[in-house]
Amino acid sequence: MYQFFVADEQVCDEKIYINGSDVNHIGNVLRMKPGDNVRISDGSGRDYFCHIESISKDEVCAVIDETDENGTELSNDIYLFQGLPKGDKMELIIQKAVELGIKEIIPVAMKNCVVKLDEKKAANKIKRWQLIAESAAKQSKRSVIPSVHMPISWKMVFEKAKELDTVLVPYENERGMQATREIISGIEKGKSIGIVVGPEGGFADTEIAEVDEAKNMHRISLGRRILRTETAGLATLSMLVYELDE
């Protein structure tokens, strides 16, 4: 069943009205017809199972058959602070993090980042990354589309971390999975979680020193092997899904 997203105001009584580029996609690409079933999310975590009533040039009208108030979202809001990686690795990270249930993805400029984005380049990247997040949300039947933010500084990570209940920092020099298990198993459902991942060059010594001074930031191990930057955040997120998803 195909998935689509609408704004809350597009949900009216027992019907939902789809506008914009999805109209062409439904009618001309997917070649759907009245009577076909669709899944629609309003961005608030609520899902609707519908059938198409009519398709016009500018609008698709779908009738609501069933409403799922719970949706598919995790009970914990998880934020990925990702050190800017090289090449197209960020696209993979975004796609898979969205599939696993991330709420927001925040690129971070760190000392060992090779990639440097000025404001114009960053804005263009964000547009593409947000489209990737939307596509992944549709494919994985998410109830919301996660946001991809403009890159922030390392200093800003700590400002945002103060707003979260727990922040996990996978670190290649941290040893012992038992501490990781204890930290993750101690996270309560409903609490907000941050994951901070370094770039290809890893965290600078000064950055790790600042992590150690922060009250709610915890260095964790992901095992005895060294994981790539595009693997570390996804591995951490997978552990959290195993522990917290219903």
* **Filter on LYS127/LYS160; LYS96/LYS160; LYS15/LYS162; LYS127/LYS215; LYS121/LYS160 - keep pairs with C-alpha separation over 31 Å** => LYS15/LYS162; LYS127/LYS215
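Give the carbon-plus-sulfur fraction of the accessible surface of region 1-142 in %, rounded to a whole number; probe 1.4 Å, heavy atoms of protein chains only. List each step's numbers first, then the result.
Numbers: 3370 of 7340 Å².
Within region 1-142, the accessible surface is 46 percent carbon and sulfur.
Enter the accessible area per residue of the chain (Å², integer; probe 1.4 Å; all protein chains in place).
52 Å²
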* What's the long-distance tail for region 154-246, i.e. % of Cα pairs beyond 19 Å? -> 37 percent
* Structure fact -> Per the rule of 0.36 nm per residue minus the C-alpha distance, extending HIS51 to LEU227 adds in nm 58.9 nm
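On average, how much area does the Cα convex hull of the chain cover when viewed from any direction, in nm²?
Working: hull surface 56.9 nm².
Projected area, direction-averaged: 14.2 nm².
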* Structure fact -> In whole Hz, the Karplus estimates of ³J(HN,Hα) for region 9-24 (6.51, -1.76, 1.60; θ = phi - 60°; x where Gly or Pro) are 6, 7, 9, 10, 6, 9, 10, 10, 10, 9, 10, x, 5, 5, 5, 5
* **region 141-246: trypsin sites (Lys or Arg not before Pro) falling in loop per DSSP and having at most 15 other Cβ within 10 Å** => LYS141, LYS162, ARG175, LYS189, LYS191, LYS215, ARG224, ARG225, ARG228
* Any chance you could check the Cα centroid distance between region 50-67 and region 182-246 for me, in angstrom? => 42 Å
* Leaving ligands, DNA and RNA out of it, rank TYR17, TYR242 by accessible area with a 1.4 Å probe, largest first. => TYR242, TYR17
* To do: Note down the relative contact order for region 1-120 as a percent, whole number, built from C-alpha pairs under 8 angstrom at least six residues apart.
  => 20 percent
* Return the long-range amide H neighbours of PHE81 (sequence gap of 5 or more, or a different chain), with a cut-off of under 5 Å between placed amide H atoms. => ILE106, ILE195, VAL196, VAL197
* To do: Enumerate the amide H contacts of TYR2 below 5 Å, restricted to partners 5 or more residues apart or on another chain; note that Pro and chain-start residues carry no placed amide H.
  => ARG39
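Let me have the 222 nm mean residue ellipticity of the chain computed from DSSP H runs of 4+ only, each contributing -39500 (n - 2.57), with the sum over all residues rounded to the nearest 500.
Values: 7 runs with 79 residues, N = 246.
So the helix-based figure for the chain works out to -10000 deg cm²/dmol.
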* Asked: Counting DSSP beta bridges with both partners in the chain, what percentage is antiparallel, nearest 5?
  -> 45 percent
* On a 0 to 90° scale, report how tilted helix 119-139 is relative to the longest principal axis of the chain, with both axes built from alpha carbons and the result rounded to the nearest 10. => 60 degrees
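The values are calculated or read from the model by the stated rules, or taken from the named source; none is laboratory data. Quick caveat: nothing in here was measured; it's all calculated off a predicted structure. Virtual Cβ from ideal backbone geometry, glycine too; neighbours counted across all protein chains shown. For accessibility, only protein heavy atoms count, side chains too; no ligands or nucleic acids. Shrake-Rupley method; radii C 1.70, N 1.55, O 1.52, S 1.80 Å.
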